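The values are calculated or read from the model by the stated rules, or taken from the named source; none is laboratory data. This structure is a prediction, so every number in the text was calculated from the model and none was measured. Methodologically, a virtual Cβ is constructed for each residue, glycine included, from the backbone with ideal geometry; neighbour enumeration extends over all protein chains shown.
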Ligand SMILES: Cc1ncc(COP(=O)(O)O)c(C=O)c1O
């Protein structure tokens, strides 16, 4: 049988990247006691108010078809957040509701890039971006994010990667996996290049509420960049609600009008009861994000304290988010070999940095969404494993 080229472009996207994670899960299912630090799923419980709002909406019969753009009440609630943030008049016409940041990214990229185009994105990058770019037929062009610059994209690196085929810059701040945060100045400098080359900016802001200190900045809030910026985000992280699949796109009105048929063709409107629950989430104070952020910040300190001055492994404390990178290059092992060895010898499951791009070589990513005592125990085992490699000469 014949299949469309998209099935080729997306084939085997996940399997290699997630091999250590899946092996960890399989071993746990067979009874091994694995400490799983490979996934960043929020561990602060969901606010019962969200469950109540969802149940109430279901009982009220909010189970029919929805508005193709998303329910008006929710779009207004989302618009209010961005109006407050940017100080501009953002309305429901600037918003489309989609099931999670993932579909918001997919739909937005479908609306902006096509075969023959290039999409610029930092490396390392969130693992799902590869598929989102490839699905359109566009080519990914990596902009190196360097540890020496705190993994913040540098204007000269962006400029060097631009070609006549460049169409979109995909930004993610706070960043997964590095935890880097772009300042308003960083964004202005990158944005100037985008203006010069007439590029769209897609800004993945799913970790907006997870800065350990400092101020969040977005290209959407910069008036010079607003007309070329599309924000994608969701309540997955901010409200510990990834299973509800509730996210959105916020961008220029014309962009949203053009994207509506794309979204409707795929989805025909997200669920009204999820919309009501999300509107409730966005219009009521909740301490979920604060508690998760504080837990993650505390666990960064635990990792750094426990690993201490271990010569072969160096934590790189993030400025935000749910993950920390550890530099394991001094062991002499590749990121893959280190992550596999750590799983085999110490039963700690992490992600090799190379699952997030070539620039992830030399790092492993540790998720900070497990209880403090497990994070401490895992850190002890990581240090012990790194030491054993160094003393056995296995890494040389
Ligand atoms: C950077 C980034 N973007 C998007 C997502 C997916 O978010 P959602 O659950 O809203 O689809 C994640 C999830 O881990 C992420 O880390």
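Listed values, structure above:
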item	result
Selection within the stretch 169-180 - farther than 12 Å from residue 204 by Cα and more than 10 Å from the ligand (Cβ to nearest atom)	178, 179, 180
Check on residue 77, within 23 Å of the chain's Cα centre (by Cα) and more than 27 Å from residue 138 (Cβ to Cβ)	yes
Search result, residues across the stretch 354-382 that are surrounded by fewer than 19 Cβ atoms within 10 Å (Cβ to Cβ) and more than 13 Å from residue 178 (Cα to Cα)	358, 371, 372, 373, 374, 376, 377, 380, 381
Complete set of residues in the stretch 211-240 that are more than 9 Å from the ligand (Cβ to nearest atom), over 19 Å from residue 153 (Cβ atoms) and surrounded by 24 or more Cβ atoms within 10 Å (Cβ to Cβ)	239
Where a residue in the stretch 326-344 is at positive phi and its partner, wherever it lies, is not in a loop (DSSP other than H, G, I, E, B), with Cβ under 7 Å and at least six apart	none
Residue within the stretch 272-294 that is closer than 30 Å to residue 327 by Cβ, surrounded by fewer than 22 Cβ atoms within 10 Å (Cβ to Cβ), in contact with a helix residue (DSSP H, G or I) (Cβ under 9 Å, 6 or more places away or on another chain) and assigned by TED's automatic domain parsing to the domain that holds residue 378 present	no
Matching residues, the stretch 101-119, being in a strand (DSSP E or B) and more than 16 Å from the ligand (Cβ to nearest atom)	118
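Okay, residues lined up against (1) in contact with a helix residue (DSSP H, G or I) (Cβ under 9 Å, 6 or more places away or on another chain); (2) away from the ligand (no atom under 14 Å from the Cβ):
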| position | (1), (2) |
| --- | --- |
| 133 | yes, no |
| 142 | yes, yes |
| 156 | no, yes |
| 164 | no, yes |
| 167 | yes, yes |
